[in-house]
Amino acid sequence: MKRIAVFPGSFDPITAGHVEIVRRALPLFDEVVVAIGNNAQKSYLFSLEQRMEWLRQVFACEPKVQVDYFENLTAHYCMRIGARFLIRGLRNASDFDYEKTISQLNHIVGQGVDTIFLISRPGYSHISSTIVREIIRGGGDASPFLPAEVVIPPSA
Ligand code: ADP
């Protein structure tokens, strides 16, 4: 049976921290689906189309990576595509506290879906999409935290 893992997130936008987690997850699975969990009620800095386009560009040369998006529950999405694993990155203790409960819930709702945690490498643990959005909104240069493919338009 193919080992499929989903790496879910808002990816608003995808950062160098996300890419690092995906690269380290690749040897563990046959396929990694980087999937935007899109919530129609939530407002994002970048459109779903823009976020998807960046994911496609960043992983264009990686045949084991698929990109996708879903609405509603992550665990149901995993079941729908036959993924038995979720990947999450851990930067610090507050990530852990939050993710621990979510992973326990996903195991029940997803009928056995297991979450695999990768601890961020020291050079990446300060990077978050939230901080990147703050820099962009403030007119700063967020490029040190972004993959080369993510070029922020001046109007963002
Ligand atoms: P969410 O909207 O669910 O917080 P994000 O797009 O912010 O999603 O992040 C998706 C996943 O990537 C989460 O597991 C998060 O912990 C992880 N992540 C984000 N930034 C980093 C980083 N710098 N190092 C390691 N993991 C990270």
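Side notes on the structure shown:
- Reach of Lys64 by Cα under 26 Å, taken over lysines that are not fewer than 8 positions away in the same chain: Lys2
- The chain: DSSP helices with Cα axial extent of at least 20 Å and average Kyte-Doolittle hydropathy no lower than -1.0: 93-109
- Heavy-atom accessible area order for Asp114, Asp12, Asp97, largest first, 1.4 Å probe: Asp97, Asp114, Asp12
- Surface composition of region 4-145: carbon plus sulfur atoms hold 53% of the accessible area, using a 1.4 angstrom probe and ignoring ligands, DNA and RNA.
- Size descriptor for the chain, Kirkwood hydrodynamic radius: 16.0 Å (Cα pairs only, one decimal).
- Per residue, the solvent-accessible area of region 4-145 (1.4 Å probe, heavy atoms of protein chains only, all protein chains present) comes to 52 Å².
- Heavy atoms of Ser103 accessible to a 1.4 Å probe, total area in Å² rounded to 10: 20
- CD proxy at 222 nm, helix term only [per DSSP H run n ≥ 4: -39500 (n - 2.57); per residue of the chain; nearest 500]: -10500 deg cm²/dmol
- Cleavage-rule hits (GluC sites (Glu not before Pro)) in region 1-90: DSSP loop, at most 12 neighbouring Cβ within 10 angstrom: Glu71
- Divide the volume of the convex hull around the Cα atoms of region 72-135 by the residue count and you get 102 Å³ per residue.
- Centre separation in Å (Cα based) which lies between region 1-22 and region 111-139: 10
- Ordered from highest to lowest accessible area with the whole protein assembly present and a 1.4 Å probe, Met52, Met79 read as Met79, Met52.
The values are calculated or read from the model by the stated rules, or taken from the named source; none is laboratory data. A quick note: this is a predicted structure, and the numbers were derived from the prediction, not measured. Here Cβ is always computed from backbone atoms with ideal geometry, including for glycine, and neighbour counts include all displayed protein chains. These accessible areas exclude ligands, DNA and RNA; they are computed on the full protein's heavy atoms, side chains included. Shrake-Rupley method; radii C 1.70, N 1.55, O 1.52, S 1.80 Å.
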